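Worksheet: the structure to be examined is printed underneath.
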Amino acid sequence: MNHPQSQGAAALADAARAVAAVRGGQSADAALAMFASSTQRSAVRAIALGTVRWYLRLQPAIDTLLARPDTVDRDVHALLVTAAHQIEYSRNAPQKTVHAAVDAVRLLRHARASGLVNAVLRRFVAGREALFAQIDRDTACRTAHPAWLVDAMTAAWPGHVAALLEADNVHPPLTLRLNPRLRSPQQYLADLAAAGLVGRLLGNLGALAGSTAVMLERPVPVAALPGFREGWVSVQDAGAQLAAPLLDVAAGMRVLDACAAPGSKAAHILERTPDVELWALDIDPARLRRVGETLDRLGLEAHLAAADVREPATYWDGRPFERILVDVPCSGTGVIRRHPDIKLLRRAGDVASFAARQLEILRAAFGLLAPGGRLVYATCSVLPQENEGVVERFYAQAPQARAVRPPRECLPAGAVVTARGLQLLTGGAVLTDGFYYACVEKTTSAT
């Protein structure tokens, strides 16, 4: 039987490896996949994601205590920051974490660095109040965001930036989408209560979305959710549940989900309107398989194609679609609370690259839309360069495009209505992720 101290050291070492991998450019999901079979995977995940979430505040504090931070081995440096996270943000006794870190550095095969780890972390424990008093003068450091993103958010949302930065560092809620054909909200709340879980219906999503979103008081594994395997519910943020209603699909229509992975929005479309011909595309075959798995669990069917929507000759039969959802790849700045590694992986120049690609996708998808049809452009970004800016450029190039504005009273509480669409800001009145939506219809003539 392992000693608790050795277990703590092992979890700390594995979390440090994951953090080092993220700093090396891997996504957190890919980095944590290395420990999927570990008996301590939950602890490793929690420690690693917490460290990544606060890395840009913790790393300057640790570097202040190192004579030459750039000469410290990457795994050892990651361990120092990971241990600092546990000291600053966990309930563990600081000295216990220091001892675990000294053991962990040996598990990382850097036993010679044990003295360094011990000394630096003891100094951190003793002086962290003064360290952070200095570091926290800078908004980017205090909120653990890259400076370029703080500047971009400030320019875009000067009245909301403080709330946005705070929301990014809050652990996200677990929000479910009910399939009302299988279970009513009242029934499912009772199901949760019978399973010892507490949920509440999100009633301020607006008349457009209806009452399909349930937020749990505390997150649980999906296996613990009543009826998950039976398709009663799916995990989907409340903001993402707006896409299908905005698309306004009717029975018999031909529908395209142009960037479909992981399949939540395609499933929502089919749950609302089963009698449609839905095509689900994704450029990544591995991600497209996830769409198939999602639909299989829910007993839904669609035509799946591993294809790039910008290359219609590879998948399109020439018959136009009456509804198209274009949920484009983006910076992900609206889902940082769920994917804190975005703060470490994204660069300022990435946004312009995403915007150029988004415009290409939007133009290509619009070319597949039937006259009189509707396209919904969506991102999980809070940056106008990817949202309003892309849509403005599109309209300047597309004389057949016409903006559709849903009634303000039908929108979620706190939605920001922009010139061309609507923006949900992270957190906000209904505790959603950050999403942007624009509805576009194709007129019957080019004039």
Charge dipole (the chain, unit charges on Cβ, about Cα centre) - positive-most of Trp157, Ala33, Gln241: Ala33
Residue (of Ala223, Pro146, Ala101) at the positive-pole extreme of the chain, dipole from beta-carbon charges: Ala101
More than 14 angstrom apart: percent of Cα pairs within segment 77-149: 62
All Cα pairs of segment 174-326, percent lying beyond 20 Å: 49
At 0.890 mPa s and 25 °C, Stokes D of segment 1-132 from Kirkwood alpha-carbon radius, µm² per second: 171
FRET efficiency estimate (nearest 0.05) - Cβ-Cβ, Arg106 to Thr39, R0 25 angstrom: 0.80
Total formal charge among the other residues, if their Cβ is under 13 angstrom from that of Ser6, Lys/Arg +1 and Asp/Glu -1: 0
Among 318-329, 73-84, 89-100, the order from most to least packed when residues are scored by Cβ within 10 Å on average: 73-84, 318-329, 89-100
Under-5 Å amide H pairs with Leu176, H placed in peptide plane, nonlocal only: Val214, Met215, Leu216, Gln236
Folded to 0 to 90 degrees: helix 94-107 orientation relative to the chain principal axis, Cα: 90
Likely footprinting exposure, Ser114, Ser184, fewest C-beta neighbours within 10 Å first: Ser184, Ser114
Residue-averaged [θ]222 nm for the chain, counting only DSSP H segments that reach four residues, each worth -39500 (n - 2.57): -13500 deg cm²/dmol
Rounded, prolate or oblate (a/c below 1.5 giving rounded, otherwise prolate when a/b exceeds b/c) for segment 256-298 by Cα gyration tensor: oblate
Only Lys, Arg (+1) and Asp, Glu (-1) charged, at Cβ; segment 4-138 dipole about Cα centre in debye: 220
FRET efficiency for Asp275 and His99, using Cβ-Cβ distance with R0 set to 56 Å, rounded to 0.05: 0.35
Amide H within-cut-off set for Leu304, under 5 Å, with H built and near neighbours excluded: Ala280
Computed Rg/Rh of the chain, alpha carbon atoms with Kirkwood Rh: 1.00
Modelled FRET efficiency - R0 35 Å, Ala126 with Thr418, Cβ distances, 0.05 increments: 0.10
For Gly206, distant residues with modelled amide H under 5 Å away: Ala413
Derived scalar couplings ³J(HN,Hα) [segment 179-196; Karplus, 6.51 cos²θ - 1.76 cosθ + 1.60; whole Hz; x for Gly, Pro]: 9, x, 6, 10, 8, 7, x, 5, 4, 6, 4, 5, 4, 4, 4, 5, 8, x
Segment 349-447: relative contact order in percent, alpha carbon pairs under 8 Å with at least 6 residues between: 36
Gaussian network model of the chain, Cα within-10 Å springs - most flexible of Arg420, Arg181, Arg254: Arg181
Share, in percent, of DSSP beta bridges within the chain that are antiparallel, nearest 5: 60
Prolate/oblate/rounded label for segment 240-442 (Cα gyration tensor, a/c 1.5): rounded
Calculated over segment 85-127: convex hull of Cα atoms, volume per residue (Å³): 58
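Throughout, read-outs are computed from the coordinates displayed, never taken from laboratory work. Source: prediction; values computed, not measured. We place every Cβ from the backbone using ideal geometry, glycine too, and count neighbours over all the protein chains shown.
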